[in-house]
Amino acid sequence: MAEPKHAWLRGDDHEATKASFPELFFDLVFVFALIQLSGTLSSDFSIGAASTSLLFVFALWWVWIQTTWITNLLDAEKEPVRLLLFGMMFLGIVMAIALPRALTDMGLVFAIAYSAMQIARSLFATFAFRGTDGDSFRTFVRIDIWVVTASLIWIAGGIAESNWRVFLWSIALVVEYLGPVVRYWVPGAGSAPRETLDINGEHLAERCALFVIIALGETILTTGKTASTHIEAPGTVLVLCGAFIGTVLMWWIYFHDNQERVSDKAEHTQRPQKTAQHLFTYGHLPIVAGIILTAVGEDFALSAPHEEGSLKHGMALLGGPAVFLVGTAWMRSVAVGSIPYSHLAGIALLVAGSVLVATADNATLQIFATGVLLAVAVWETLSRRQSPARATAPSS
């Protein structure tokens, strides 16, 4: 006898809050995708290329976080949901393979693979909720309309010439990112009601934390690979130590108490869907983007430590940590209602450090950025020791 669709929904027990093995298996595709993205950025990091590559940061994050929302609602241990994830894994591999050449001869391949992931996931969720949860079903019907609309623009961009491709894909991303903000408004039907999806905040917090681990892991892989190629060059060992310490410090700033606060906020708020969008759907994007950009900067510093700094090097070496701190500050502000002064000071120092770009070499810029991250981490740690009672997030 076929398993009833309501059995596909995620339960409320303790195990339901944990990431499942199928979800972790699915994440492996994004290890490959992030390596592809980092390599693409490192090979051509002109200001124009870097701006264009932001498209892929936004796209990779969006397909992953939207899939995570689905596995938050559905039980990934059930065979139909597992098969969905396995199918999306294959499409994700195709998407990642096409990514480095998405703006040249593989744009249509990238667009089709990306769109197929989005449409398949959304239609599957719609089918899963049909006859089991009317409010969620109607919400996903709206989501289907937005996803299909964006996918048509993605595919049109894949067919178009390079300049038009960037424009059309930018429009497609605006459509996708705007959808949750307007609650997937549809002409004649209006917006979806607020808080219709029965999400598990603790599970979302854990899944996003795992993606941060993936991004940090990609940084370690990139750093190790580049260092092994230039290990005999003067300054490589020093920069390698600084790069590794910088990666550890980003882990420390994100996970040392902050991630737990985020999990508590997501689990106990009276508006879980809206809070989750702020904390995870949008709030983690600058964190992940900052880590990826930092990895590119470390690649520059390791491959040419004594090369005179330039604007593109400064954007990666100083801009990456700054964007990361913007994201963690946003996360903290949503979780506890206040922005940490340590993060604001760190961002200000990194911006002020841009004056060094014209005179300092890459190794100096990298060590400076690591020093700023160290100062933020120490400030945060001392602040918590002086106030051992951890702030609790408001319930609203």
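Residues considered: 154, 164. Of these, the only one that is part of a helix (DSSP H, G or I), modelled with pLDDT of 95 or more and not aliphatic (A, V, I, L, M) is 154.
Of all residues in segment 307-346, which are farther than 23 Å from residue 37 by Cα, of a type outside the set (D, E, K, R) and surrounded by 19 or more Cβ atoms within 10 Å (Cβ to Cβ)?
Taking segment 307-346 as the starting set, the residues that turn out to be farther than 23 Å from residue 37 by Cα are 307-308, 329-346.
Among the residues that remain, those that are also of a type outside the set (D, E, K, R) are: 329-331, 333-346.
Result: 329, 330, 331, 334, 335, 336, 340, 342, 343, 346.
Note on segment 49-106: residues that are within 16 Å of residue 169 (Cβ to Cβ) and in a helix (DSSP H, G or I) amount to 20.
Say whether the condition of being modelled with pLDDT under 85 and within 23 Å of the chain's Cα centre (by Cα) is met by at least one residue in segment 231-238.
Taking every residue of segment 231-238 in turn, none turns out to be modelled with pLDDT under 85 and within 23 Å of the chain's Cα centre (by Cα).
Answer yes if at least one residue in segment 134-141 is modelled with pLDDT of 95 or more and basic (Lys, Arg), and no otherwise. Scanning segment 134-141, I find no residue that is modelled with pLDDT of 95 or more and basic (Lys, Arg), so the answer is no.
Checking each residue in segment 339-380 for being touching a residue at least 12 places away in the same chain (Cβ under 8 Å) and not in a helix (DSSP H, G or I) picks out 340, 357, 358, 359, 360, 361. Taking the numbered list (1) crowded, with 23+ Cβ neighbours inside 10 Å; (2) under 30 Å from residue 227 (Cα atoms) in turn, residue 356 passes all entries but (1). Scanning segment 226-243 for residues that are surrounded by fewer than 16 Cβ atoms within 10 Å (Cβ to Cβ), touching a residue at least 60 places away in the same chain (Cβ under 8 Å) and polar (S, T, N, Q) returns a single hit, 229. Listed by first and then second residue, the pairs linking a residue in segment 107-127 that is within 9 Å of residue 158 (Cβ to Cβ) to a residue that is surrounded by fewer than 17 Cβ atoms within 10 Å (Cβ to Cβ), with Cβ atoms under 7 Å apart and 6 or more places separating them unless they lie on different chains, are 108/159.
For residue 128, are the conditions met, namely being of a type outside the set (Val, Ile, Thr) and modelled with pLDDT of 95 or more? Give the derivation first.
Details: of a type outside the set (Val, Ile, Thr): yes; modelled with pLDDT of 95 or more: no.
No: the conditions fail for residue 128.
The criterion of at least 1 residues that are touching a Gly at 6+ places or on another chain (Cβ under 6 Å) and within 29 Å of residue 382 (Cβ to Cβ) is met, among helices (runs of 4 or more DSSP H) falling completely within segment 252-314, by 258-268, 285-303. Scoring residue 217 on the criteria (1) outside the structural domain of residue 283 (by TED's automatic domain parsing); (2) at pLDDT below 95; (3) assigned to a helix (DSSP H, G or I) leaves a single failure, condition (1). Taking (1) out of contact with any Gly (no Cβ under 8 Å at 6 or more places or on another chain); (2) within 25 Å of residue 76 (Cβ to Cβ); (3) modelled with pLDDT of 95 or more in turn, residue 146 satisfies each apart from (1).
Which ones in segment 77-124 are surrounded by fewer than 16 Cβ atoms within 10 Å (Cβ to Cβ), more than 21 Å from residue 149 (Cβ to Cβ) and under 22 Å from the mean Cα position of the chain (by Cα)? Of everything in segment 77-124, those that are surrounded by fewer than 16 Cβ atoms within 10 Å (Cβ to Cβ), more than 21 Å from residue 149 (Cβ to Cβ) and under 22 Å from the mean Cα position of the chain (by Cα) turn out to be 86, 87, 90, 93, 101.
The values are calculated or read from the model by the stated rules, or taken from the named source; none is laboratory data. The structure displayed is predicted, hence computed values, not measured ones. FYI the Cβ positions are ideal-geometry reconstructions off the backbone, even for glycines, and counts take in every protein chain you see.
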